[in-house]
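Here is the structure we will look at, set down as structure tokens.
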Amino acid sequence: MTDTIPATGRLTAGSASRESPRDIDRENAVLRELVTVYRHLSGLAMQDADLAGVVQLISERASATVAVVSQLMDVMTAASPGLPPEKAAALVRDHVVHPRLGQVLRASRLSQRALRLPNVGGVPAIIVAPILVGDEVPSYLITLDPAEESFGEDMSLLVTEHAATICGVILGRERVVAAAARRVRDDLVEGLLLGRGRDAGDAARWAAHLGYDPTRQHNVAAIAFELPPSRAADAEALRQRIRESIEHFMTTRAPEAIVSARESEVVVVTAASPDPRKLGQACLARLAELFPGAKVVIGIGGSCRVPEEIAGSYDQAHRTTQTLWRLGRTGAVSAFEDLGIHRLLLQVPDLGELRSFAAEVLGKLSEHEHEHKSEYLSTLACYFRENNSPQRASRLLHVHPNTVAYRIKRIEEITGLRLDNYRDRLIAQVALEILDALPEAQ
């Protein structure tokens, strides 16, 4: 690699004769230092260096506080002579609140060049250089210029700009590696979810690569979402933002969880304790804040321990989300085991058949309740839940046992059912389950 020294406008044939030998010696020393820094930076680009290494090099060479900050002004890494990294980061945070810094950042991003915010009111000069990864500027390199002790203004700009270029190379490389690792990870998760392993050994090896702990009980949660029709124009970008938000939430709240994003679904394999339902409710609340127009349901499969059981748990989680969609219960979290008989009833392709069955069995009772404001349906449901005991049902309904007995007799008269007959009782219970799942059937 050939190092080139851009002209600084300070050394010319005419000016050299007018400068003293001391000034020329200083200029040469600065140029030699600039060449050394360039070479070190170029060497970092060829090595497996990270952003912290670049920041540390510039900080030591320029005796300056240097940091990489994100678009949101979060300090990603920082270094300052004589200070530990956390104190260097705190020093940078104190300076990035400069009221004019936002304008400089925008100008730097648009021009794709390093810019300098001069020393004003005792605040050190701040040099900002955009870190480019392709056409994107994900972050900035910031130098708090130490009154030009090591470099002049032009040289400080050149060093910061070149260092930002090296940071862009490092970030680009990290993104490529992360993308490749993510593809491998997603393939492994996909294999476990769909049970593609040839034997238990395959599943065990894949799970081990993902950090799965077979000594603990786990559940698979499927987080499915739909976008409002009004967002069709930017659908893919919005889906990506939702997927990233779910992944960030889950990895923050459950660091040990295995998370994989799909088209309109994010799958999470998480420990069974604490209760995944609570984690799901917290995730729903967060998504409601960030994306109020999106419809989200969360299904949780049964527990699994050995890796080959993951596929079964995912199948149950997926079927639960499909059931919630069919029921119209958006914004709900439900475990497969909570569905009860609903998971069988909703296998019927035409929900109209279920509504028709419920109407035939309890339609007259529903009409009577609508006309007379009676409480026959709730009484019947409570009576069944309490194993046909008027005494226990009465305590839950806060009425006399004779009232429950009277209502059951009237229900039999209205519907024509004999609730002491097993077949009639089963038909009535199934009809009640349908009304619970499909309230509009009433």
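Scanning segment 219-240 for residues that are modelled with pLDDT of 90 or more and either under 22 Å from residue 179 (Cβ atoms) or surrounded by 15 or more Cβ atoms within 10 Å (Cβ to Cβ) (or both) yields 219, 220, 221, 222, 223, 224, 225.
Okay, residues lined up against (1) farther than 26 Å from residue 326 by Cβ; (2) of a type in the set (Ser, Thr, Tyr); (3) part of a helix (DSSP H, G or I); (4) touching a residue at least 24 places away in the same chain (Cβ under 8 Å):
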| residue | (1), (2), (3), (4) |
| --- | --- |
| 225 | no, no, no, yes |
| 239 | no, no, yes, yes |
| 243 | no, no, yes, no |
| 263 | no, no, no, yes |
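Restricting attention to segment 130-173 and to residues that are modelled with pLDDT under 80 and acidic (Asp, Glu), the residue that is farthest from residue 90 (Cα to Cα) turns out to be 154. The residues of segment 310-321 that are surrounded by fewer than 20 Cβ atoms within 10 Å (Cβ to Cβ) and either of a type in the set (D, E, K, R) or under 22 Å from the mean Cα position of the chain (by Cα) (or both), listed by number, are 315, 318, 319.
If the condition is being closer than 22 Å to residue 187 by Cβ and either surrounded by fewer than 16 Cβ atoms within 10 Å (Cβ to Cβ) or of a type outside the set (Val, Ile, Thr) (or both), then segment 256-288 contributes 256, 257, 260, 261, 262, 263, 264, 265. For segment 423-440, the set of residues classified as surrounded by fewer than 16 Cβ atoms within 10 Å (Cβ to Cβ), over 12 Å from residue 384 (Cα atoms) and modelled with pLDDT of 90 or more consists of 423 only. Checking each residue in segment 385-411 for being crowded, with 17+ Cβ neighbours inside 10 Å and part of a helix (DSSP H, G or I) picks out 390, 393, 394, 397, 404, 407, 408, 411. Would you please name the residue that is nearest to residue 200 (Cα to Cα), looking only at residues in segment 261-316 that are touching a Lys or Arg at 6+ places or on another chain (Cβ under 7 Å) and modelled with pLDDT under 90? Ranking the qualifying residues of segment 261-316, first place goes to 261. Within segment 76-108, if we keep just the residues that are of a type in the set (Lys, Arg) and within 21 Å of residue 137 (Cα to Cα), the residue that is farthest from the chain's Cα centre (by Cα) turns out to be 100. Scanning segment 126-144 for residues that are under 25 Å from the mean Cα position of the chain (by Cα) and in contact (Cβ under 8 Å) with a residue 40 or more places away in the chain returns 131, 133, 137, 138, 139, 140. Only one entry in 377, 362, 435, 426 is within 30 Å of residue 219 (Cα to Cα) and not in a loop (DSSP other than H, G, I, E, B), namely 435. Checking the stated criteria, residue 342 turns out not to satisfy the condition of being of a type outside the set (A, V, I, L, M) and surrounded by fewer than 16 Cβ atoms within 10 Å (Cβ to Cβ). Filtered by the rule that a residue be surrounded by fewer than 17 Cβ atoms within 10 Å (Cβ to Cβ) and touching a helix residue (DSSP H, G or I) at 6+ places or on another chain (Cβ under 6 Å), segment 356-373 gives a lone residue, 364.
The values are calculated or read from the model by the stated rules, or taken from the named source; none is laboratory data. Owing to the predicted nature of the structure, the values given are computational and were not obtained by experimental measurement. In this analysis, Cβ positions are derived from the backbone assuming ideal geometry, glycine residues included, and neighbour counts consider all displayed protein chains.
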